[in-house]
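Colleague: Have a look at this one before I ask anything.
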Amino acid sequence: QGGAHKEWQTIMDTAVKGLGDMVPVASRQLVGVMLFVYVKAKLRKGVRCVDVQACRTGLGGIAGNKGGVSVRFTLGYSSLCFVCAHLAAHTKHIKDRNSDYATIMMGTTHPPGGGNGALYPAKAMDPTPEGSAATHILGHEQVFFIGDLNYRIDGMETEDILTLASSADRSALVRLQANDQLIREQASGRVLVGFSEGPLNFAPTYKFEAGTDKYSGKGRAPAWCDRVLWHGQGISLQEYTSVPEVRCSDHKPVLALFSIAVKVGPAEPDVIDAVHQEAAASASAASKAFAALLSSATRSP
């Protein structure tokens, strides 16, 4: 939680103003992995039981260059958990990526009440895990797993992948998806079991020459390294795409927009009204706002 985290916190606080009246819920950093969670100010009264955790997976759990961070909170009577991860790199290290994921899922627990990120106090009616002193990630009703998961495209020559990724037409994307490691590993039940992902209707988001829209082609084949998946009921994906206008990295950021249903009690009419108002917001307008957010947030030194 050093200087880089504080710098990005300031950048994000400024950038999210474009989304309306936003307030922070919590944030967490693990070396280069950072997760910031905000809510609309009108939903703030319904947010409780906030907790943040980090799990190292680099060098057998010693180093924090790989791993995951998570933010858990309740909104009304529903529990939500957001996980941002950076898994093992390089095409051949599929088992290491799967292992990193398993370590994060098994090694991360959140206390049932307000934890170390408790900006908002717990209440007696808040959901807690039955017969347990802590909640694992999948113990939450709605889970979002995001980040540089580093799964690659294999079984093809690098030049063929470059050609298909650069064309980015539908048939080319289908051919690449047939060799996507995450799709294959998930279908085989080896990772992210029970999670859903939207269609990959956008070009691979890695590896670009920084400052351009051109794949580097320097020994690294293009891949969909950056992914957004979800687990739970009451989650509806509205949009899943990349933001090619952001050129400050060798990755293109991805954007996912969801509509979610949360449980609220009769004693919280203000939360009910706020949730209903959010559900009525325009998905396309929100998508444009998030794209602008990504562009503004990455225009930093």
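Computed from the coordinates by the stated procedures, all read-outs in this text should not be read as laboratory data. Note that this is a predicted model, so its numbers are computed, not measured.
Colleague: In whole Hz and in residue order, list the ³J(HN,Hα) couplings for the range 150-160 that follow from phi through the Karplus curve 6.51 cos²θ - 1.76 cosθ + 1.60, θ = phi - 60°; x for Gly and Pro.
Modeller: Values per residue, Gly and Pro as x: 6, 6, 10, 9, 10, x, 9, 6, 4, 5, 5 Hz.
Colleague: Kindly provide the Kirkwood hydrodynamic radius of the range 157-228 in Å, to one decimal, from all pairs of distinct alpha carbon atoms.
Modeller: For the range 157-228, the Kirkwood estimate is 12.9 Å.
Colleague: Show the residues, 5+ positions off or on another chain, whose built amide H is closer than 5 Å to the amide H of His251.
Modeller: Phe208
Colleague: Which cross-chain or sequence-distant (5 or more) residues have an amide H under 5 Å from the amide H of Cys225, H modelled 1.01 Å from N in plane?
Modeller: Thr205, Tyr206
Colleague: Let me ask another. From the backbone phi of the range 252-259, what are the Karplus-calculated ³J(HN,Hα) couplings (6.51 cos²θ - 1.76 cosθ + 1.60, θ = phi - 60°) in whole Hz, Gly and Pro given as x?
Modeller: Using θ = phi - 60°, the values come out as 9, x, 10, 10, 10, 10, 10, 10 Hz.
Colleague: Roughly how compact is the range 2-75, stated as its Cα Rg over 2.2 N^0.38 Å to two decimals?
Modeller: So the range 2-75 has a normalised radius of gyration of 1.23.
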